[in-house]
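A short worksheet on the structure shown next.
The values are calculated or read from the model by the stated rules, or taken from the named source; none is laboratory data. Predicted model only: the values in this text are computed from it and were never measured. Glycine gets a Cβ as well: all are built from the backbone with ideal geometry, and neighbour counts include every protein chain shown. Note: accessible area is taken over every heavy atom of the protein model, side chains too, but ligands, DNA and RNA are not part of it. Shrake-Rupley method; radii C 1.70, N 1.55, O 1.52, S 1.80 Å.
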Amino acid sequence: ADVTERHGIEAFRAAAAARAERLSRITAAIADAVSAREVHAALVDQVAEAVGASSAALWVVDSDDDATAVLVRAIGYGERARQQLERLSLRSAPALPIVESLRLGTPVFVADRAELERSFPAAAALATPGRDYEVACVPLVARGRVLGALGLTVDEPRESLDLRDFALLVARYGSQALERLRLFEAQRRARAEADAAARRLGLLSRASRAFAAAELDLEARLVAVVEE
(Lines give C-alpha, C1' and ligand atoms only; values in the text may rest on other atoms or scores of the structure.)
Protein backbone atom coordinates (compact mmCIF):
# COMPACT_ATOMS: atom_id res chain seq x y z
CA ALA A 1 0.00 0.00 0.00
CA ASP A 2 2.88 2.36 0.82
CA VAL A 3 4.53 1.64 -2.53
CA THR A 4 1.25 2.25 -4.39
CA GLU A 5 0.70 5.51 -2.55
CA ARG A 6 4.25 6.63 -3.24
CA HIS A 7 3.88 5.85 -6.94
CA GLY A 8 0.64 7.82 -6.98
CA ILE A 9 2.32 10.82 -5.37
CA GLU A 10 5.21 10.63 -7.82
CA ALA A 11 2.80 10.46 -10.76
CA PHE A 12 0.90 13.45 -9.43
CA ARG A 13 4.10 15.44 -9.02
CA ALA A 14 5.25 14.52 -12.52
CA ALA A 15 1.91 15.56 -14.01
CA ALA A 16 1.98 18.84 -12.06
CA ALA A 17 5.54 19.55 -13.22
CA ALA A 18 4.63 18.81 -16.84
CA ARG A 19 1.61 21.09 -16.65
CA ALA A 20 3.68 23.87 -15.06
CA GLU A 21 6.31 23.55 -17.79
CA ARG A 22 3.72 23.76 -20.56
CA LEU A 23 2.02 26.72 -18.92
CA SER A 24 5.38 28.45 -18.46
CA ARG A 25 6.11 28.19 -22.19
CA ILE A 26 2.71 29.68 -23.01
CA THR A 27 2.97 32.57 -20.57
CA ALA A 28 6.52 33.31 -21.74
CA ALA A 29 5.37 33.43 -25.37
CA ILE A 30 2.51 35.76 -24.42
CA ALA A 31 4.83 38.01 -22.39
CA ASP A 32 7.32 38.24 -25.27
CA ALA A 33 4.61 39.08 -27.81
CA VAL A 34 4.63 42.73 -28.90
CA SER A 35 1.96 42.66 -31.58
CA ALA A 36 -1.57 41.31 -31.89
CA ARG A 37 -0.40 38.69 -34.35
CA GLU A 38 2.24 37.41 -31.93
CA VAL A 39 -0.26 37.27 -29.04
CA HIS A 40 -2.72 35.33 -31.20
CA ALA A 41 0.01 32.92 -32.28
CA ALA A 42 1.09 32.36 -28.70
CA LEU A 43 -2.44 31.56 -27.60
CA VAL A 44 -3.24 29.23 -30.49
CA ASP A 45 0.02 27.57 -31.46
CA GLN A 46 1.54 27.21 -28.01
CA VAL A 47 -1.67 25.97 -26.39
CA ALA A 48 -2.30 23.52 -29.24
CA GLU A 49 1.18 22.08 -28.79
CA ALA A 50 0.79 21.91 -25.01
CA VAL A 51 -2.44 19.89 -25.08
CA GLY A 52 -1.77 17.96 -28.29
CA ALA A 53 -4.73 19.54 -30.06
CA SER A 54 -5.53 18.45 -33.59
CA SER A 55 -7.12 21.85 -34.18
CA ALA A 56 -7.17 25.13 -32.31
CA ALA A 57 -8.56 28.57 -33.04
CA LEU A 58 -9.01 31.98 -31.50
CA TRP A 59 -11.94 34.30 -32.09
CA VAL A 60 -11.89 37.95 -31.02
CA VAL A 61 -15.04 40.01 -30.56
CA ASP A 62 -15.13 42.90 -33.02
CA SER A 63 -14.35 46.11 -31.12
CA ASP A 64 -16.84 48.02 -33.27
CA ASP A 65 -19.57 45.38 -33.11
CA ASP A 66 -19.97 43.38 -29.91
CA ALA A 67 -22.32 40.99 -31.72
CA THR A 68 -19.64 39.68 -34.10
CA ALA A 69 -16.59 37.52 -33.42
CA VAL A 70 -13.76 37.28 -35.95
CA LEU A 71 -11.48 34.28 -36.44
CA VAL A 72 -7.98 35.74 -36.01
CA ARG A 73 -5.91 32.55 -36.01
CA ALA A 74 -6.54 28.86 -36.56
CA ILE A 75 -4.56 25.67 -37.10
CA GLY A 76 -5.84 22.27 -38.16
CA TYR A 77 -8.99 23.60 -39.84
CA GLY A 78 -10.02 22.71 -43.38
CA GLU A 79 -10.69 25.52 -45.83
CA ARG A 80 -14.46 24.94 -45.77
CA ALA A 81 -14.66 25.02 -41.99
CA ARG A 82 -12.41 28.06 -41.84
CA GLN A 83 -14.64 29.98 -44.25
CA GLN A 84 -17.81 29.11 -42.34
CA LEU A 85 -16.28 30.10 -39.02
CA GLU A 86 -14.44 33.21 -40.19
CA ARG A 87 -17.10 35.59 -38.87
CA LEU A 88 -19.62 34.51 -36.27
CA SER A 89 -22.76 36.50 -35.60
CA LEU A 90 -23.51 36.06 -31.92
CA ARG A 91 -27.15 36.87 -32.64
CA SER A 92 -27.89 34.58 -35.56
CA ALA A 93 -25.09 31.99 -35.88
CA PRO A 94 -26.19 28.36 -35.39
CA ALA A 95 -25.55 26.77 -32.00
CA LEU A 96 -21.92 25.67 -31.90
CA PRO A 97 -19.70 25.17 -28.83
CA ILE A 98 -17.60 28.23 -29.65
CA VAL A 99 -20.69 30.37 -30.31
CA GLU A 100 -22.26 29.36 -26.99
CA SER A 101 -19.04 30.16 -25.17
CA LEU A 102 -18.90 33.61 -26.77
CA ARG A 103 -22.60 34.33 -26.26
CA LEU A 104 -22.79 33.27 -22.62
CA GLY A 105 -19.22 34.00 -21.54
CA THR A 106 -18.95 30.51 -20.04
CA PRO A 107 -16.77 27.48 -20.83
CA VAL A 108 -18.25 24.75 -23.02
CA PHE A 109 -16.79 21.25 -22.82
CA VAL A 110 -17.85 18.31 -24.98
CA ALA A 111 -16.60 14.87 -23.98
CA ASP A 112 -16.87 13.11 -27.35
CA ARG A 113 -18.30 13.29 -30.84
CA ALA A 114 -21.60 11.64 -29.86
CA GLU A 115 -22.23 14.38 -27.30
CA LEU A 116 -21.20 17.02 -29.82
CA GLU A 117 -23.73 15.85 -32.40
CA ARG A 118 -26.42 15.41 -29.75
CA SER A 119 -25.95 18.82 -28.10
CA PHE A 120 -24.86 20.80 -31.18
CA PRO A 121 -26.39 19.27 -34.34
CA ALA A 122 -25.06 22.13 -36.48
CA ALA A 123 -21.52 21.04 -35.63
CA ALA A 124 -22.01 17.68 -37.37
CA ALA A 125 -21.59 19.33 -40.77
CA LEU A 126 -18.19 20.67 -39.74
CA ALA A 127 -16.94 17.46 -38.11
CA THR A 128 -14.49 15.18 -39.92
CA PRO A 129 -16.01 11.73 -40.51
CA GLY A 130 -14.44 8.83 -38.64
CA ARG A 131 -12.89 10.89 -35.86
CA ASP A 132 -13.70 11.06 -32.18
CA TYR A 133 -12.46 13.89 -30.04
CA GLU A 134 -12.92 16.07 -27.01
CA VAL A 135 -13.80 19.75 -27.45
CA ALA A 136 -13.01 22.63 -25.12
CA CYS A 137 -14.16 26.21 -25.71
CA VAL A 138 -13.22 28.80 -23.12
CA PRO A 139 -14.18 32.49 -23.18
CA LEU A 140 -11.57 35.18 -22.64
CA VAL A 141 -13.19 37.66 -20.28
CA ALA A 142 -11.82 40.87 -18.75
CA ARG A 143 -13.74 43.23 -16.48
CA GLY A 144 -16.95 41.38 -17.18
CA ARG A 145 -16.61 41.78 -20.94
CA VAL A 146 -16.16 38.85 -23.34
CA LEU A 147 -13.17 39.73 -25.53
CA GLY A 148 -12.96 36.46 -27.40
CA ALA A 149 -12.82 32.68 -27.03
CA LEU A 150 -10.34 29.87 -27.59
CA GLY A 151 -11.49 26.60 -29.12
CA LEU A 152 -9.54 23.34 -28.86
CA THR A 153 -10.15 19.91 -30.36
CA VAL A 154 -8.15 17.02 -28.89
CA ASP A 155 -8.31 13.55 -30.42
CA GLU A 156 -6.30 11.80 -27.72
CA PRO A 157 -6.08 13.77 -24.46
CA ARG A 158 -2.75 13.49 -22.69
CA GLU A 159 -2.92 11.38 -19.55
CA SER A 160 -0.77 13.87 -17.65
CA LEU A 161 -3.05 16.79 -18.48
CA ASP A 162 -6.63 17.60 -17.55
CA LEU A 163 -7.84 19.47 -20.64
CA ARG A 164 -10.60 21.33 -18.82
CA ASP A 165 -8.48 22.61 -15.96
CA PHE A 166 -5.62 23.53 -18.28
CA ALA A 167 -7.90 25.35 -20.74
CA LEU A 168 -9.45 27.38 -17.91
CA LEU A 169 -6.01 28.26 -16.59
CA VAL A 170 -4.81 29.35 -20.03
CA ALA A 171 -7.97 31.44 -20.45
CA ARG A 172 -6.93 33.60 -17.49
CA TYR A 173 -3.64 34.53 -19.16
CA GLY A 174 -5.28 34.84 -22.57
CA SER A 175 -7.86 37.26 -21.18
CA GLN A 176 -5.10 39.46 -19.78
CA ALA A 177 -3.28 39.42 -23.11
CA LEU A 178 -6.38 40.42 -25.10
CA GLU A 179 -7.24 43.12 -22.59
CA ARG A 180 -3.73 44.50 -22.96
CA LEU A 181 -4.18 44.60 -26.74
CA ARG A 182 -7.58 46.25 -26.38
CA LEU A 183 -6.21 48.97 -24.10
CA PHE A 184 -3.23 49.53 -26.38
CA GLU A 185 -5.54 49.92 -29.38
CA ALA A 186 -7.79 52.30 -27.42
CA GLN A 187 -4.77 54.41 -26.49
CA ARG A 188 -3.57 54.41 -30.10
CA ARG A 189 -6.96 55.59 -31.30
CA ALA A 190 -7.12 58.24 -28.58
CA ARG A 191 -3.69 59.56 -29.57
CA ALA A 192 -4.66 59.61 -33.23
CA GLU A 193 -7.85 61.51 -32.45
CA ALA A 194 -5.95 63.93 -30.20
CA ASP A 195 -3.36 64.53 -32.93
CA ALA A 196 -6.11 65.12 -35.49
CA ALA A 197 -7.85 67.56 -33.14
CA ALA A 198 -4.57 69.39 -32.53
CA ARG A 199 -3.99 69.70 -36.26
CA ARG A 200 -7.51 71.07 -36.77
CA LEU A 201 -7.02 73.53 -33.91
CA GLY A 202 -3.69 74.65 -35.33
CA LEU A 203 -5.23 75.15 -38.75
CA LEU A 204 -8.06 77.22 -37.29
CA SER A 205 -5.60 79.27 -35.26
CA ARG A 206 -3.44 80.03 -38.30
CA ALA A 207 -6.50 80.81 -40.39
CA SER A 208 -7.77 83.19 -37.70
CA ARG A 209 -4.44 84.98 -37.53
CA ALA A 210 -4.28 85.23 -41.31
CA PHE A 211 -7.84 86.54 -41.44
CA ALA A 212 -7.12 89.18 -38.79
CA ALA A 213 -3.80 90.27 -40.34
CA ALA A 214 -5.12 90.60 -43.89
CA GLU A 215 -6.31 93.81 -45.38
CA LEU A 216 -9.86 94.91 -44.63
CA ASP A 217 -10.89 93.75 -48.08
CA LEU A 218 -12.96 90.56 -47.64
CA GLU A 219 -11.53 88.90 -50.73
CA ALA A 220 -7.98 89.44 -49.48
CA ARG A 221 -8.88 87.92 -46.14
CA LEU A 222 -10.45 84.87 -47.74
CA VAL A 223 -7.39 84.34 -49.93
CA ALA A 224 -5.17 84.52 -46.86
CA VAL A 225 -7.29 81.91 -45.06
CA VAL A 226 -7.27 79.56 -48.08
CA GLU A 227 -3.50 79.86 -48.37
CA GLU A 228 -3.13 78.77 -44.74
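For region 116-175, what does the accessible surface come to per residue with a 1.4 Å probe? Please give it in Å². So region 116-175 comes to 49 Å² accessible per residue, rounded to a whole number.
Share of carbon and sulfur in the accessible area of region 36-143 stands at 48%, probe radius 1.4 Å. When a/c reaches 1.5 or more, the comparison of a/b and b/c decides; with that in mind, is region 8-143 rounded, prolate or oblate per its Cα gyration tensor? Oblate shape, in that a/c is at least 1.5 and b/c is the bigger or equal ratio.
Each residue was assigned an accessible area with a 1.4 Å probe, and for residue 120 the value is about 20 Å². Under the shape rule built on the C-alpha gyration tensor, where the axes satisfy a ≥ b ≥ c, region 19-87 is oblate, since a/c reaches at least 1.5 while a/b does not exceed b/c.
So the label point goes 7 Å from the Cα of residue 128 along Cα→C-beta, right? Which residues of region 81-101 then have their backbone N under 16 Å from it? Within reach of a label on residue 128: 81-83.
Placing pseudo-labels 7 Å out from each Cα toward the beta carbon at residue 63 and residue 49 gives an inter-label distance of 2.8 nm. Amide hydrogen proximity for residue 73: with H placed 1.01 Å from N in the peptide plane, the residues at 5 or more positions away or on another chain lying under 5 Å are 58.
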